[in-house]
Amino acid sequence: MSTTAISRNPRHSADSPSPVLSLINITKKFPGVIALNKVSFDVRAGEVHALLGENGAGKSTLMKVLAGKHQPNGGQIFLAGEKKFFENPKQAKKSGIVLIHQEQSLVPEMSVAENIFLGSLPLKWGNRVDWKKLHADSTEILKRLKCTFSSRDMVSNLSIAKKQMVEIARALVFTPRIVVFDEPTASLTDHEKPVLYDIIRNLQKQGVGIVYISHRMDEIFHLSQRISVLRDGEYNGTLNTADTSEDEVTKLMIGRTLKLDHASKPREFKENMLELRSLTVKGVFEDISFNVRKGEIVGMYGLVGAGRSEVAETIFGLRQPSAGEILLDGKVESIRSTHDAVARGIALVPEDRKDKGLILGMNCRDNMTLSALGSVSSMGFMKTSEEKVVYDKYQRAMKIKTPSWRQKVGNLSGGNQQKIVIGKWLHTHPKLLILDEPTRGIDVGSKAEIHGLIKELARSGYAVLVISSEMPEVLGVSNRIIAMYEGRVTAEFDGDAVSEDKLVQAITGQYVTETSGPAHSASA
Amino acid sequence: MASIEQGKQAILLNKKYKEGLLNFLSAQGILVFFLICMFAFSLFSEQFLSQSNIMTVVRQASIIGIIAVGVTIVIIGGNLDLSVGSMLSFSTVLVVDLHDKIGPAGAIVLMFVLTLMIGAVNGLLIGFMRLNSLIVTLAMLSAVQGLVLIYSGGKNVDIANQSDTWFAIFGRGYVLGIAVPVILFAVLAIIVQVGMSYTSYGRRIFAVGGNPAAAVYSGIRRNWCVFSTYLISAFCVACAALVLGSRVMGSQNNVGQGYELLVLAGIILGGTSLLGGAGSVWKTIIGVLILGFIQNGLLLLGYPYYTQWLVTWVIIILAVWLDLANKRKRLFTTHS
Ligand SMILES: Nc1ncnc2c1ncn2[C@@H]1O[C@H](COP(=O)(O)OP(=O)(O)OP(=O)(O)O)[C@@H](O)[C@H]1O
Ligand SMILES: [Mg+2]
């Protein structure tokens, strides 16, 4: 039965079938929630063990228990046969357990190198930090990760994908026994993923046990030897990856097979809602021209750093164009602030929910209504009962899992936080909805529902612009696709007729169509 | 094995117990400390819990309280205001000096306008130019003190005819047996608390203090929000100056000196975090009253008034420490 699994990983599984790590009957309670109920889980040396489950199933919590961040209310942890009790993350780290967090935990005011070596800075002469060694070692690790930024860069200046790479770099400081990746690819594009896969395979070869959490089935099947599923805080079974199928796993996760998103794409387009004419922000992107019609979904595809988010931020008033025009509803508009943008009916779901999307210390309801306070207040006074109605509506529509609206958003699981951000912007009833990586961290079931929601919105007349690094998502929802490469639009495709190859060429700068305009060929 | 098991269980239990105690201490520690002090004071001084003494304490605390209400809003919005001390000097000197020159009504109006202008300068520098609030208001603290000295030429000011001016009502008057300063304090506190809890304005301030970037991404005008908190703070200082000037009917150039720290002490004692995005006016009121009672108790016990500075310092350190201990779930840090 396990022969196929072993064959994928010839060096270790065969001779070390007994797990290096066992979690037995772990229980963890939070006020109002039993996040984990007697969950058992184990990892073998040199294996990738995938951990799956819906948003809020308890995956991150289980791994935080393992890494000493939470102390369990019951259950035991065995590492290499030895019973462990971690009072804090430091102890777990000392035992060789590294957790790559889902919600990034970097210190923004520090350099990349300091973040990578946080808590284990190289010293010389007793207590001085050895800066030379620090940067040399960091540069070495960054090179292995094929990162292009410097170890001296400030973390606060990095994009979310680069931050994720720094987070991953932390795992390579010393050879650990167990590495947990909690949705490492959620903020990476297809470009960075292979690097991560290589790193994981290398760790495997060294006999490191790996836990891999992701909502992307293709990755799970690509990387893992075994798959375990959590459901509502309970253990729901383990499968050998080689002997199972996506359908079987999905069924274990959500109790039914996935009804694919059959809602068809919108078909009726009216006049232009948004039109960009040679929009330029110096040094960021140049000469961007495209339009989004009412009732249409336009996808924007490209690599990290292609300038997609920056275009969105410019439309949303966060950056001022140095040249070019933004037309809304046929009129040239100058959007000086986000307040202007919201007043003109523009909504932006930002890519970075923790830093830009949510007030983590605020409760779920208040976060949900924050962008449309006018709709739930009269004469400046909040109408809390109406706020509750709004909250309930989106909580139900997107199945947001939380004990009550009073829960602080910071205590929600990653995927549920994302749903709050989406709900928050849907409630503004925008004329132009811009979604930057809308389904980051969202489970397969909810993903289909959110895609359905987006299409429904377009059908009812909204203009929608979707930025995504996931090709299936872009292809699945867009009527048209704008490809960007290094701050320029390289091509525009029909969303139903484009091939994946062409898309890939376009975002790597190898394909320039006639639709991209004469400005490009002139400057090329 | 069994003994290890028991040991671990004991650690777990001990930990639970310690966490419970910590939670209790951090939530109620100041209150417990306060009650112990009250009890101790009342043992040594019969006067302490008398109705007239309590009213006196509340009345005296109201000036600090009025200012603290405003500064609480600034702090919830994620900034600091250290300039309130010398602003209080400025406003008090101004209103007292102008009283005899242009009459009480004109003096009050002009004083409010000028105080709000100082607040607006703070607001512009911090809200719109995004300068660090600590530095801006600290600089403002000394700048305004200089302004006071220039204005008064270093002389103290007072009101010549103190017995028949209606200006006396703000500091010395009573309505229905309650001192006017206390009424002013209460009304201001209620209005501001209601504003913070039940209006969209309050929601925005909490958002800006909690996560400024996310607030901007939500379409909130962060600049204006921060600006407005400094106007509120200045307005509260002007009200406090009204009470102070009217009570003493004269003013030294430095009456407000040290108020910024007392105000901050009250706010921290109440438990409002200096990080922003959280806190309430109620907490501040409790903090300010605790401070007032402890100072009064020390005086009644016969300690010279400057001991209160030392005691205040101890209390602040205690409050900050317990707050931090709660966040890291232990009393002492193990990190080097
Ligand atoms: N610190 C906390 N306080 C209160 N509740 C919490 C806390 N952390 C997690 N929870 C709750 O525990 C449950 C499990 O959360 P967890 O983050 O483990 O989910 P997850 O499986 O990682 O989901 P996702 O796929 O969305 O990341 C959720 O209902 C969440 O609200
Ligand atoms: Mg998670």
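Site pair A:PHE78 and B:ALA213 shows an inter-label distance of 4.4 nm when each label is modelled 7 Å from Cα along Cα→Cβ. Per-residue accessible area (protein heavy atoms, 1.4 Å probe) orders A:ARG226, A:ARG319, B:ARG221 as B:ARG221, A:ARG319, A:ARG226, starting from the largest. Taking 0.36 nm per residue of sequence separation and removing the Cα-Cα distance, the B:VAL320/B:TYR303 pair yields an extension gain of 3.6 nm. Using a probe of 1.4 angstrom and keeping all protein chains present, the accessible surface of chain B works out to 47 square angstrom per residue.
Using the charge dipole of chain A (Lys, Arg: +1 at Cβ; Asp, Glu: -1 at Cβ; taken about the Cα centre), state which of A:GLY324, A:GLN104, A:LEU426 has its Cα farthest towards the positive end. Checking the options against the dipole of chain A, the answer is A:GLN104. Checking every one of the GluC sites (Glu not before Pro) in segment A:232-297 against DSSP loop status and a limit of 14 other Cβ atoms within 10 Å picks out A:GLU268, A:GLU271.
The Kirkwood hydrodynamic radius of segment A:104-173, based on inverse pair distances between different Cα atoms, is 11.9 Å.
The DSSP beta bridges internal to the protein assembly as shown are antiparallel in roughly 60% of cases.
Taking both sides together, the accessible area buried where B meets A is about 2500 Å² for a 1.4 Å probe. Report, in whole Å, the centroid distance computed from the Cα atoms of segment A:459-495 and segment B:65-95. Between the Cα centres of segment A:459-495 and segment B:65-95 lies a distance of 52 Å. In the full protein context, segment A:353-429 carries 39 Å² of accessible surface per residue, based on a 1.4 Å probe and ignoring ligands, DNA and RNA.
Residues of segment B:192-236 that lose at least 30 Å² of accessible area (1.4 Å probe, protein heavy atoms only) when the other protein chains are present, relative to their chain alone, are B:TYR198, B:THR199, B:SER200, B:ARG203, B:ALA207, B:ASN211, B:ALA214, B:VAL216, B:TYR217, B:SER218, B:GLY219, B:ARG221. The trypsin sites (Lys or Arg not before Pro) of segment A:129-189 meeting both criteria, a DSSP state outside H, G, I, E and B (loop) and at most 16 other C-beta atoms within 10 angstrom of the site's C-beta, are A:LYS146, A:ARG152. Taking every alpha-carbon pair under 8 Å whose residues sit at least 6 apart, segment A:404-503 reaches a relative contact order of 20 percent. From helices alone, chain B scores -25500 deg cm²/dmol at 222 nm; the rule is -39500 (n - 2.57) for each run of n ≥ 4 DSSP H residues, then divide by the residue total. Once all protein chains are placed together, A:ASP247 keeps about 90 Å² accessible to a 1.4 angstrom probe.
The residue among A:LEU145, A:VAL65, A:THR439 whose Cα reaches farthest toward the positive pole of the charge dipole of the protein assembly as shown, with charges on the beta-carbon of Lys, Arg, Asp and Glu, is A:VAL65. Placing +1 on each Lys and Arg Cβ and -1 on each Asp and Glu Cβ, with no other charges, gives the protein assembly as shown a dipole about its Cα centre of roughly 1720 debye. In segment A:381-406, burial by the other protein chains removes 30 Å² or more of 1.4 Å probe accessible surface, compared with the chain on its own, from A:PHE381, A:MET382.
Dipole magnitude for segment A:353-429: about 280 debye, using +1 per Lys or Arg Cβ and -1 per Asp or Glu Cβ, origin at the Cα centre. The label point for A:THR508 and the one for A:LYS124, both projected 7 Å from the Cα toward the Cβ, are 4.2 nm apart. Dipole orientation for the protein assembly as shown: of the candidates B:ALA189, B:ALA179, A:LEU274, B:ALA179 has the Cα lying most toward the positive pole (charges on Cβ; Lys, Arg +1; Asp, Glu -1). Separation of the alpha carbons by more than 27 angstrom is noted, of A:LYS163/A:LYS424; A:LYS399/A:LYS455; A:LYS84/A:LYS193; A:LYS84/A:LYS356, for A:LYS84/A:LYS193; A:LYS84/A:LYS356. Go through segment A:312-356 and flag every residue whose accessible area shrinks by 20 Å² or more with all protein chains in place compared to the isolated chain (probe 1.4 Å). Correct list: A:LEU318, A:THR338, A:HIS339, A:ASP355, A:LYS356. For segment A:353-429, the calculated P(r) over all alpha carbon pairs, in 10 Å bins from 0 to the bin holding the longest distance, is 21, 58, 20, 1 percent. The residues of segment A:104-173 have, on average, 52 Å² of accessible surface per residue, using a 1.4 Å probe with all protein chains present.
When the helices of chain A are scored as -39500 (n - 2.57) per DSSP H run of n ≥ 4 and the total is divided over every residue, the value at 222 nm lands at -8500 deg cm²/dmol.
How big is the dipole moment of segment A:151-262 about its Cα centre under a simple scheme where the beta carbon of each Lys and Arg is +1, that of each Asp and Glu is -1, and everything else is neutral? Debye, nearest 20, please.
Charge dipole of segment A:151-262: 380 debye, to the nearest 20.
First compute the accessible area of the protein assembly as shown with a 1.4 Å probe, then give the percent of it belonging to carbon and sulfur atoms. Of all accessible area on the protein assembly as shown, carbon and sulfur atoms account for 58 percent. Across segment A:353-429, Cα pairs under 8 Å and at least six residues apart give a relative contact order of 46 percent. Under Stokes-Einstein, with the Kirkwood radius over Cα pairs as Rh, the value for the protein assembly as shown at 10 °C and 1.306 mPa s is 52 µm²/s. For chain A, the relative contact order comes to 15 percent (Cα pairs under 8 Å, sequence separation of at least 6).
Working from label points 7 Å from Cα in the Cα-to-Cβ sense, the A:ALA497 to A:GLU271 distance is 2.7 nm.
The values are calculated or read from the model by the stated rules, or taken from the named source; none is laboratory data. From a predicted model like this one, the values you see are computed outputs, not experimental measurements. Reconstructed Cβ throughout: ideal geometry from the backbone, glycine too, with neighbour counts over all protein chains shown. Only protein heavy atoms, including side chains, enter the accessible area calculation; ligands, DNA and RNA are left aside. Shrake-Rupley method; radii C 1.70, N 1.55, O 1.52, S 1.80 Å.
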